[in-house]
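This report concerns only the one structure given below.
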Amino acid sequence: FFFFFVTPARRMSGPEKWSNLDRRGSVSVALLAPRKRGSRADSGSSGIDDRETAKRESSAGINAKDLRAMCIESEDHSRQGAQAENSIKRVALAIRILGVTAIDSVAQSFTADIILVASWFDHTLIGRADLGDCGAIWQPRINIKNALGDMETVLDGSTSTSLADPSTGLVNQILRFRGPFYQYMHLHQFPFDEQRLTFVVSTPLPEYEMCFQRTEQSKIRMPALLLPEWDFGLPSCAVVTTDPNESTSHTVYSELQIAIPASRQSLFYMWNIVLVMLMICSLCLIVFCLPVTDLSNRLQVTLTLLLTAVAFKFVVSDSLPRVSYLTILDKYLLLCFAFLYTVTLECGLVTLLDNETMVLVDRCFALGAIVLLLIWHLFIFMYVRSVLRDRAQKKSRTEHEGTAL
């Protein structure tokens, strides 16, 4: 009768606060309710209570000791997470681009001079008069990821670290980088292409130790960059994180990417390459003024112009990018070679026809070649004009936005 009507209560060896864990859904309150002492029935059935409690604990899948350990571990994890959040160094960067001296499309690189001013708070330096030994304090170890060559040779040596505000522990570090930087360039539209010259500011410290951030003081200052072949726009800046799959330890790092838009001035290539090839192709039309039967003189003219175009291609190849795909200028040069080759081939094959058909075919071919050459270069002229107009509108729009900012 006693076992059916008396519900044994579980003995708690700890404080009664563990009964509040039922709000989290961990175990039942009936298992955690404190035992009422002093009753005779309770004192007479302690062994049975222990067995029933063991059965209930085994059915719940967890005992009180393990539950306390889990709660303590959860509190430790929360405390460690809060400490880790507070221990992350947040570094603000101010950027000053002194100049871009060269852009090499063939080597896929550019040469620039840039100054970075890093600022962060170090609470261990509060109240100190100066930094003392700079090697003993925490530093972000900033470098530029896409710099060519050893970082010691790129770093100008103009590095200084100072305590800006002893009351808050604000530290400023000035670094100057000057040298070549790698930049992958998309040259499908060469010489009408637009590039983004990028500085990738990185650090070997993982993101849970240090991260870059943008503040109101983080500004990009850049004077008017003057390169005869390029037009520059307003620079931009963005804080990103790396892909953990790129690291062997699956570590995430913080990076700051600084991009300078640059548009190539195409008039140099239009005057020095396109115009010269147009003159060579137009001179090829002189062969149609010679008699159709004068095969030797006609072939002499066309083959001489074809060899001239080949030599000219070798001369200008040093100023063309070496890529595995065809640019717009490469396609134009190949079409010019195809035009010269077709005219040369026509001069030889037309002699296989009879006299009346020979003259008719030659005249029709001459008329078609002239029309094709005119329409082809008229299309190129309209395309170049539209590109220059769009760039002028974009430049005026960016200058207006920069003035408004």
task: Filter the range 208-227 for residues that are open to solvent by 30 Å² or more (accessible area, probe 1.4 Å), at pLDDT below 90 and not hydroxyl-bearing (Ser, Thr, Tyr) and give the result.
output: 213, 214, 216, 217, 219, 220, 221, 222, 223, 224, 226, 227
message: If residue 174 meets every condition in (1) over 22 Å from the mean Cα position of the chain (by Cα); (2) more than 21 Å from residue 145 (Cα to Cα); (3) surrounded by 13 or more Cβ atoms within 10 Å (Cβ to Cβ) apart from one, which number is that one?
response: (2)
query: Residues of the range 213-227 being part of a loop (DSSP other than H, G, I, E, B) and among the hydrophobic types (A, V, I, L, M, F, W, C), which ones?
result: 222, 224, 225, 226
message: Filter the range 316-337 down to the residues that are touching a residue at least 24 places away in the same chain (Cβ under 8 Å) and surrounded by fewer than 12 Cβ atoms within 10 Å (Cβ to Cβ) and list them by number.
response: 318, 322, 325
query: In the range 267-285, which residues are more than 12 Å from residue 344 (Cα to Cα) and touching a helix residue (DSSP H, G or I) at 6+ places or on another chain (Cβ under 7 Å)?
result: 269, 270, 273, 274, 276, 277, 278, 280, 282, 283
Residue in the range 117-156 that is surrounded by the most Cβ atoms within 10 Å (Cβ to Cβ), counting only those that are modelled with pLDDT under 80 and within 18 Å of residue 94 (Cα to Cα): 155
message: With the requirement that a residue be surrounded by fewer than 17 Cβ atoms within 10 Å (Cβ to Cβ), more than 56 Å from the chain's Cα centre (by Cα) and either farther than 19 Å from residue 299 by Cβ or not charged (D, E, K, R) (or both), what does the range 348-371 give you?
response: 351, 352, 353, 354, 355, 356, 357, 358, 359, 360, 361
query: Quick check: is even one residue across the range 339-346 over 21 Å from residue 193 (Cβ atoms), in contact with a Ser or Thr (Cβ under 9 Å, 6 or more places away or on another chain) and of a type in the set (Val, Ile, Thr)?
result: yes
query: Given the residues 345, 374, 378, which is the only one that is farther than 23 Å from residue 106 by Cα, aliphatic (A, V, I, L, M), open to solvent by 70 Å² or more (accessible area, probe 1.4 Å) and within 40 Å of the chain's Cα centre (by Cα)?
result: 378
Strands (runs of 3 or more DSSP E) (entirely within the range 228-315) containing at least 2 residues that are open to solvent by 70 Å² or more (accessible area, probe 1.4 Å) and at pLDDT below 95: none
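The values are calculated or read from the model by the stated rules, or taken from the named source; none is laboratory data. Model, not experiment: these values are computed from the prediction. Cβ atoms come from the backbone with ideal geometry, glycine included; neighbour counts cover every protein chain shown. Ligands, DNA and RNA are excluded from the accessible area calculation, which covers all protein heavy atoms including side chains. Shrake-Rupley method; radii C 1.70, N 1.55, O 1.52, S 1.80 Å.
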